[in-house]
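Chemist: Pasting a structure here, questions to come.
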Amino acid sequence: MDLDHLSIVDESYFRHLITAWVYALALLTLAAIALIHGLIPFLFTNTVSRAIERIREDIDNRLNAVKSR
């Protein structure tokens with residue numbers, strides 16, 4: 001357990017909570033879209049992969065911003 005995590009990411013508890021929940025809701029939505037895509041392959045052909053790439057870029061940008069401080 002990393003008790004210094006909030007300090008490392010330079011966020012308050014509530015800012016971190018909101019950020020984590022936003023990612024969680026996005027990923028839950030993407031999971032539902034992936035299930036639909038599995039049933040009907042011609043729907044949402046690139047939606048999940050593109051969204052995950054954007055989430056990864058966002059996380060990388062946030063971490064790089066912290067590292068540059």
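Chemist: Select from A32, T45, T19 the residue farthest towards the positive end of the dipole of the chain; place +1 on Cβ of Lys and Arg, -1 on Cβ of Asp and Glu, and compute about the Cα centre.
Modeler: T45
Chemist: Let me ask another. Quantify, in whole percent, the carbon and sulfur part of the accessible surface of the chain (1.4 Å probe; protein heavy atoms only).
Modeler: Carbon and sulfur together cover 66 percent of it.
Chemist: Test of understanding: what is the full-extension gain from V66 to L39, defined as 0.36 nm times their sequence separation minus their Cα-Cα distance?
Modeler: 5.6 nm
Chemist: Another question, if that's okay. Taking the chain, which GluC sites (Glu not before Pro) meet the DSSP loop condition and have no more than 16 other C-beta atoms within 10 Å?
Modeler: Nothing satisfies the criteria.
Chemist: Based on a Kirkwood Rh over C-alpha pairs, give the Stokes-Einstein translational diffusion coefficient of the chain at 20 °C and viscosity 1.002 mPa s in µm²/s.
Modeler: The estimated diffusion coefficient comes to 155 µm²/s.
Chemist: Keeping all protein chains in place, calculate the accessible area per residue for the chain (probe 1.4 angstrom), answer in Å². Can you show the working numbers first?
Modeler: Working: 5670 Å² over 69 residues.
Heavy-atom accessible area per residue stands at 82 Å².
Chemist: So if I place +1 on the C-beta of Lys and Arg and -1 on the C-beta of Asp and Glu, and nothing else carries charge, what would the dipole magnitude of the chain be about its Cα centre? I want it in debye, nearest 20. Provide the component values of the computation, followed by the final result.
Modeler: Numbers: 7 positive and 8 negative charges, 37 e Å.
That gives the chain a dipole magnitude of about 180 debye.
The values are calculated or read from the model by the stated rules, or taken from the named source; none is laboratory data. Remember, predicted model here, so these are calculated numbers, not experimental data. Neighbour counts run over all protein chains shown; Cβ positions are idealised from the backbone, glycine included. For the accessible areas, the whole protein counts, side chains as well, though only heavy atoms, and no ligand, DNA or RNA atoms are used. Shrake-Rupley method; radii C 1.70, N 1.55, O 1.52, S 1.80 Å.
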